[in-house]
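Peer 1: What follows is a single structure, and I will ask about it in a moment.
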Amino acid sequence: MPKQKLTWKTVRRKVSALKGMPRNPRTLTDDERKQLTRSIEKFNLVEIPAIDTDNTILAGHQRVAVLIDLGRKDETIDVRIPSRKLSAAERREYNIRSNKNTGEWDLDILQEDFKPKQLVDYGFTQSELTELFAGAEPEEKSVTFAAKNHYRIVIECKTKNEQTKIYRTLAKQGIECKLK
């Protein structure tokens, strides 16, 4: 039997009733969290969370976390809810699609839970995936950075995600970096 056509409506839920989706690959840096907190303090909750029929957050984990941090767990907020329960595959796909354009990714979860073809299907380009997962093989956890005066710094990282965050931070500052 084909699945019922998916439609969405806005309903109200208490913040404390919402629960996070297990293995959500979306993360924020401390600075991004501060920026999101400032935004919610200034504009309130503009982009409302999307949830499944069991109150599991599909999109908006970080916004809900900030509301809780701001002491707003007892508030009732607008959320978007589908006309039917999503399958596990639909939940995972929507979570990726809705979060693709902002924030940082937990690369370990992306690599463990998704195939590259899925990520391309969900909206990543091949070049974005290459950039995200460029560099060291999974067993090699070090990153070497070479400055213009040819001094070298070796930074040992515990995860690929940590390696990528450090690489991006230094590259944004104009430091020539190489992943090995």
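The values are calculated or read from the model by the stated rules, or taken from the named source; none is laboratory data. In this text the structure is predicted, and so the values were computed from the model without any measurement. With ideal geometry, Cβ positions are generated from the backbone for all residues, glycine too; neighbour counts draw on all protein chains shown.
Peer 1: Keeping to the range 16-37, report how many residues are exposed (fewer than 14 other Cβ atoms within 10 Å of the Cβ), at pLDDT below 90 and of a type outside the set (D, E, K, R).
Peer 2: 3
Peer 1: Let me ask you something else. Could you tell me how many of the residues in the range 10-44 are touching a residue at least 40 places away in the same chain (Cβ under 8 Å) and either within 23 Å of TYR122 (Cα to Cα) or in a loop (DSSP other than H, G, I, E, B) (or both)?
Peer 2: Total meeting the criteria: 10.
Peer 1: Quick one: in the range 152-180, which of the residues that are assigned to a loop (DSSP other than H, G, I, E, B) and in contact with a strand residue (DSSP E or B) (Cβ under 9 Å, 6 or more places away or on another chain) is modelled with the highest pLDDT?
Peer 2: Result: CYS157.
Peer 1: With the requirement that a residue be modelled with pLDDT of 95 or more, of a type in the set (Asp, Glu), in a loop (DSSP other than H, G, I, E, B) and in contact with a helix residue (DSSP H, G or I) (Cβ under 9 Å, 6 or more places away or on another chain), what does the range 45-69 give you?
Peer 2: Selection gives ASP52 alone.
Peer 1: Quick one: which of ILE81, ILE40, ILE51 is surrounded by 12 or more Cβ atoms within 10 Å (Cβ to Cβ), more than 30 Å from ARG168 (Cα to Cα) and either in contact with a Leu (Cβ under 8 Å, 6 or more places away or on another chain) or not hydrophobic (A, V, I, L, M, F, W, C) (or both)?
Peer 2: After applying the criteria, what remains is ILE51.
Peer 1: Restricting the first residue to the range 156-174 and requiring it to be not assigned by TED's automatic domain parsing to the domain that holds GLU104 and loosely packed, with under 13 Cβ neighbours inside 10 Å, which pairs with a second residue that is among the hydrophobic types (A, V, I, L, M, F, W, C) and at pLDDT below 85 meet a Cβ separation below 7 Å and a spacing of at least six or different chains?
Peer 2: Hits for this filter: ALA171/CYS177.
Peer 1: On the basis of being hydrophobic (A, V, I, L, M, F, W, C), touching a helix residue (DSSP H, G or I) at 6+ places or on another chain (Cβ under 9 Å) and assigned to a loop (DSSP other than H, G, I, E, B), does ILE77 make the cut?
Peer 2: no
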